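Take a look at the structure set out below.
The values are calculated or read from the model by the stated rules, or taken from the named source; none is laboratory data. For clarity, every value in this text was computed on a predicted model and none was experimentally measured. Quick reminder, even Gly has a Cβ in these numbers, built from the backbone with ideal geometry, and neighbours come from all protein chains shown. Each accessible area value is taken on the protein alone, full model and side chains, heavy atoms only, with ligands, DNA and RNA left out. Shrake-Rupley method; radii C 1.70, N 1.55, O 1.52, S 1.80 Å.
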Amino acid sequence: MPLIAQWIMTVIGYAGTLTGLVAFFHALIQRADAFTAADRKTKPIWLAITGAGTVAMGLFGYGGAGSLFWLAGIVAVLVYLVDVRPKLIEVQRGGKNW
């Protein structure tokens, strides 16, 4: 594999792990009642999901033999960031903006 391709795969792997850390720490600092108010799973469940996803991305690099685990980790983290995080922010701001 060319050196530039290896470099790009390494950057993607680290970016995924960094994204997982951001999602985990965001879930960590949120109020527990906001998760139930947003009609999402509980805070401990999302901490486990984002934490396990981050660990999977850290242990199994992008493009290696464990790519399936890396992919599952990034999907779990992105579900939190794209679906749960906006709902938590909306709930904590006090409802809908008309």
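Some notes on this structure:
- Summary value for the chain: 31 percent relative contact order, contacts being C-alpha pairs under 8 angstrom separated by 6+ residues.
- Most fluctuating residue given options 13, 63, 53, as computed from a GNM of the chain linking Cα atoms under 10 Å: 63
- Mean projected area (nm²) of the alpha-carbon convex hull when the chain is viewed from all directions: 7.1
- CD proxy at 222 nm, helix term only [per DSSP H run n ≥ 4: -39500 (n - 2.57); per residue of the chain; nearest 500]: -24000 deg cm²/dmol
- Per residue value of the accessible surface for the chain (all protein chains in place, 1.4 Å probe), Å²: 65
- Carbon + sulfur, % of accessible area of the chain - ligands and nucleic acids excluded, 1.4 Å: 70
- Around residue 44: net Lys/Arg minus Asp/Glu count, Cβ-Cβ under 14 Å: +3
- Rounded to the nearest 20, the size of the Cβ-charge dipole of the chain about its Cα centre is 260 debye, with Lys and Arg at +1 and Asp and Glu at -1.
- GNM flexibility winner over the chain from 58, 16, 73 (Cα, springs under 10 Å): 58
- Linear extension gain, residue 87 paired with residue 39, 0.36 nm per residue minus alpha-carbon span: 16.4 nm
- Heavy-atom accessible area ranking, 1.4 Å probe, most first, across 17, 42, 50: 42, 17, 50
- What the Cα atoms of the range 57-98 give is an Rg and a Dmax of 15.4, 49 Å.
- If you sort 31, 93, 40 by accessible surface, 1.4 Å probe, largest first, the order is 93, 31, 40.
- Among residues other than residue 29 with Cβ under 13 Å from its Cβ, the summed charge is +3 (Lys and Arg +1, Asp and Glu -1).
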